[in-house]
Structures are given as structure tokens and as C-alpha cells.
Amino acid sequence: MNLASIGKSLRSPGKGNASVHREEWPRIREIFVKGNVFYQVDPRPHARRETFASLVKAKTRAGQLAKDREEHGKQGLLAPLKDRVLLAELHEEVAAYGKTLREAVETAKRVWEEDRERESSVSMGVALDQWLEAKEKSYRAGKLQPRTIKNLRPLVREFRSAFGHMNVLAVTPDSLHSYEEERPAQARTLITKRAKLSEFFRFALVKEWRRDNPIERLHLLFPIKAKRSDVSILSVEDCRTLLKLAKEAENAAELVPYVALSLFAGLRPSEVERLDWKQIHFEESQIEVLADTSKNAESRFVPIEENLRSWLRPHQEALGRIVPETNWRRKWDALRIAAGYSLRGENKKGRIWPEDVLRHSYASYWLAVHANRPRLAEQMGNSVEVIRSHYRRAIPPQAAKAFWELVP
């Protein structure tokens, strides 16, 4: 036997004859193919075996596989080469934004889920109909004033015309702003529409049709710049004349409490009209405004000022509603016309009666004495922002003093 044949037999592939060049995963074994030496990288069970002619290349590949498993787990090893190349390219793209592939996938999943929710959510037409029906139900239960529901119906028709074809989730601040641009209106009208839409979207939140109120972002992105103007108030002499005429009227028992509560407690007309004598607590010097009679559906207590007490005292034994349920509007209009004001065309030579002028007078004269806007906001059932926006008129101290000294 010559040396060549001896060498060949010594290196022939037999069980247990192959050398192992790497013990840890993935192993590297020396194998023989047709008398030639090769080096096999064995990453099983996570991937197929690979064969290299060079031990250096085999060790390099084994190192790459070990690193891949450490960084990307077993699934990364199972992916085809073309997928791994694609992942590497995508990794570079998202890294430019300071993100990882995992973060990119999570973001995409959120977007797809939002798209799916939008496609399956309730339509604005159906949602607006349900909201209006809820309002109609409150009106039938006596919780809304006729004027409120009357003004709401045409607004809902307009909202339905603008957004009825969309789903509730599809309405964005941009689409709301486009709606406003297509229907130009004065600032106060836009503010009113936004307030009603905000109320609708709060209804949608309760119904779990949305998780946010887009009107809040609309205010931030597209604020309405309304002209600030002082509210109209009655002079002390105007107040004295109105109270005197109410006291001398045939139906003074109805008119005097209404005017006094509006003027010296700042109650809204709708709140006085639904107020019961049992809610006037003379011993505690407080008026209780119930939630179902309040505009913001929250109960509150309003202090009874001393001059208000003197106007109410002659009538404090009365029972039931402050204001009668029949012919009240006719009696109240007659008093204002007698005081020289013009109402809906009557008494055309008289002054126009400003809306909510008694409540505005109360707030203005009260601030002139107390200078406490948060407290006034609580008493009137408003926000501090509304009080700050509406009541900035400077009232002379002597005028404020005279106002709070108006007594029978």
C-alpha cells in the first residue's frame, strides 16, 4: 500500500472520523465529498445545513447565524434570504426616522384598525337622528325649553346635509373647518354651531361611537376671533322704573318675584319660569336651582341678597311655581311695553329690549361690588371664561351701591 492510498483511507468518511471545529450552535463539522475536504455549518433545527470549502468562511457564517439568532430569534433564521434582505432595507428606512421595525409595524396596525373602525362605525345621519330624538324626549319630559328644541331642529338638518354621508369616526377638524368655510357666518353664529356640534360629539362619546371630541381640536387649530363687546344692562333708574311698574301691576304677585329674581339673583329666564317657591330657602338665604331646570344640567345655590329678600318677602307664603303656566308671556310683554320698550314690533318708538338684560345687569353690578369672577361664575352657572368675556364694563361705585339699595 502506497502513502496516497494510506492517506485516502485515513480520511475516508466513516462514522466518527469527521473532525468538529465548533461545538456550540451552530456546529461546524469537517466532511469529505469525493475525497475532498469541506466544512459544514449545521444550524438545525432552525435552518438548513450549509457547506463551505473554506473553514474561515464556515466560521464567518456560523458567527452570523449565532448573532442573528441572538438579535432576531429563531423566526429570523427561518425567513428566506430575500425576506431577510428586504427586512434589512426596511430597517434602514425606518431608522432614518429614529424608529424600529417593531414601532413601524405597531403604527401601521393602529392606522389599519382606525380605518376598519371608520368603515364599520355608525353614519352621521343615523347618529344625528338619535341625538335629536334624545333631545325631543327631554323636551317632552319638560327638561328643555320650546325655544331650545325649536332652534335645534334646523341645525340638525343642516348638520345632516353636511355630514350625513360620512361615518361618525370620519369627521375631523379639517372636515369641520371646510363645512364652516362653505357656509360663511358671523362669529357668534359659528360659536353657536360649534357648541351644538360639541354637544353632539359628547353624545357620541357616551354612545362609544368615538373616543374624542373633534370640536376641541377644531378650537385649537381654527380659533374663532369674535369681536368682544360689553353686554347691555339697565341703568339703576331703568331698574327702579321696571320694579315700580311690576309692583303696581294687577298681577304683581307674579311679576315682582320674576323681575326681582332675574335682577338680583341673575337667574336665566327659563330658570325663573320653572322655579318653585319651595326652592327658595329664606332661612338659609339661598335659592336652589335644580339640575333639570338649569341650562348646563347642574344644580347650584344662589345667595339671596338683602334687597332681593325685601322684594320676595310679601310673597313668600305663595305655593307652586313662581311664574304661572298660562298667559305669562302676555303679562311679561305688557310690563316691558309699559316701561317704554319695543317688543317684536309693538311700541315701535320705544327702546329695544336687550336679550338677557336683567341677568347681565345682575352680573355687572355684582362684580362692581365683589370683584370675584370665579364666585360669580359658580352663582350664575357659567364658566369663568364666559364671565371674563362678557362682563368687563366699569360700573361707578355709587351706581352699584344704588342698585343694591333698590327696595320696595
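Every residue, every condition in (1) aromatic (Phe, Trp, Tyr); (2) over 16 Å from Val272 (Cβ atoms), yes or no:
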| site | (1), (2) |
| --- | --- |
| Glu317 | no, yes |
| Ile322 | no, no |
| Trp328 | yes, no |
| Ala338 | no, yes |
| Arg373 | no, yes |
| Ser383 | no, yes |
| Phe403 | yes, yes |
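Yes or no: the range 104-115 includes at least one residue that is within 46 Å of the chain's Cα centre (by Cα) and at pLDDT 80 or above.
Taking every residue of the range 104-115 in turn, at least one turns out to be within 46 Å of the chain's Cα centre (by Cα) and at pLDDT 80 or above.
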> Residues Val369, Val386: which one is at pLDDT 85 or above, in contact with a helix residue (DSSP H, G or I) (Cβ under 8 Å, 6 or more places away or on another chain) and not small (Gly, Ala, Ser)?
Replying inline: Val369
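Quick grid of which residues meet (1) in contact with a helix residue (DSSP H, G or I) (Cβ under 6 Å, 6 or more places away or on another chain); (2) farther than 30 Å from Leu406 by Cβ:
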{"position": "Ile191", "(1), (2)": "no, yes"}
{"position": "Leu220", "(1), (2)": "no, yes"}
{"position": "Thr241", "(1), (2)": "no, no"}
{"position": "Val259", "(1), (2)": "yes, no"}
{"position": "Glu283", "(1), (2)": "no, no"}
> Restricting the range 312-326 to residues that are within 15 Å of Leu267 (Cα to Cα) and outside any loop (DSSP other than H, G, I, E, B), which is modelled with the highest pLDDT?
Replying inline: Leu312
> Any idea how many residues of the range 288-311 are of a type in the set (A, V, I, L, M, F, W, C), farther than 17 Å from Leu263 by Cβ and assigned to a helix (DSSP H, G or I)?
Replying inline: 1
> Looking at this structure, is Leu335 assigned to a helix (DSSP H, G or I), of a type outside the set (S, T, N, Q) and under 22 Å from Ala253 (Cβ atoms)?
Replying inline: yes
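Yes/no matrix, rows are residues, columns are (1) among the hydrophobic types (A, V, I, L, M, F, W, C); (2) surrounded by 13 or more Cβ atoms within 10 Å (Cβ to Cβ); (3) not assigned by TED's automatic domain parsing to the domain that holds Ile322:
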residue	(1), (2), (3)
Phe201	yes, yes, yes
Asp212	no, no, yes
Ala249	yes, yes, no
Leu255	yes, yes, no
Tyr258	no, yes, no
Glu271	no, yes, no
Asp276	no, yes, no
Gln279	no, yes, no
Phe301	yes, yes, no
> Restricting the search to the range 31-59, which residues are exposed (fewer than 13 other Cβ atoms within 10 Å of the Cβ) and not in a strand (DSSP E or B)?
Replying inline: Lys34, Gly35, Arg44, Pro45, Arg48, Ala53, Ser54, Val56
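The values are calculated or read from the model by the stated rules, or taken from the named source; none is laboratory data. Since this is a predicted model, take the numbers as computed values, not measurements. Positions of Cβ are backbone-derived with ideal geometry, glycine not excepted, and every protein chain shown enters the neighbour counts.
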